[in-house]
Amino acid sequence: GHYRVYNLGGERVTTLAELVQMIAEGLGKRAVIETLPLQPGDVPITYADVSRARAELDYSPKVPIDEGIRRFCAWFKQNNA
């Protein structure tokens with residue numbers, strides 16, 4: 001079949017450590033982190049190029065990642081209690 005791949009993301013770079021902290025805070029948990037050496041295929045930083053999604057889907061995210069994570073965690077806690 002035919003398909004299109006779209007890269008979705010925000011305009012701001014978020015580190016993995018920041019993402020883990022946001023999720024931990026949103027769930028009211030303490031993150032237990034085990035730091036290991038980089039694994040094959042790991043990259044130090046990635047960026048979301050949303051130009052195709054913007055042009056073809058009118059993609060324009062309105063919710064910053066920290067607020068989106070808070071909303072997701074609230075939904076998760078409500079639906080997985």
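In table form, for the structure just shown:
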{"quantity": "Identity of the residue in the range 40-65, of a type in the set (Gly, Ala, Ser) and closer than 17 Å to ASN7 by Cβ, that ends up least open to solvent (accessible area, probe 1.4 Å)", "calculated": "ALA53"}
{"quantity": "Pair list, Cβ under 6 Å, 6 or more apart: the range 55-74 residue under 20 Å from GLU18 (Cα atoms), other residue open to solvent by 60 Å² or more (accessible area, probe 1.4 Å) and not in a helix (DSSP H, G or I)", "calculated": "none"}
{"quantity": "Selection status of LYS29, out of contact with any strand residue (DSSP E or B) (no Cβ under 6 Å at 6 or more places or on another chain) and farther than 21 Å from VAL13 by Cα", "calculated": "yes"}
{"quantity": "Residue among GLY26, GLY68 that alone is modelled with pLDDT of 90 or more, open to solvent by less than 100 Å² (accessible area, probe 1.4 Å), under 13 Å from the mean Cα position of the chain (by Cα) and among the small types (Gly, Ala, Ser)", "calculated": "GLY68"}
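The values are calculated or read from the model by the stated rules, or taken from the named source; none is laboratory data. Note that the coordinates shown come from a computational prediction; the quantities given were computed from them, not determined experimentally. Here Cβ is always computed from backbone atoms with ideal geometry, including for glycine, and neighbour counts include all displayed protein chains. Side chains are part of the model used for accessible areas, which takes the heavy atoms of the whole protein and leaves out ligands, DNA and RNA. Shrake-Rupley method; radii C 1.70, N 1.55, O 1.52, S 1.80 Å.
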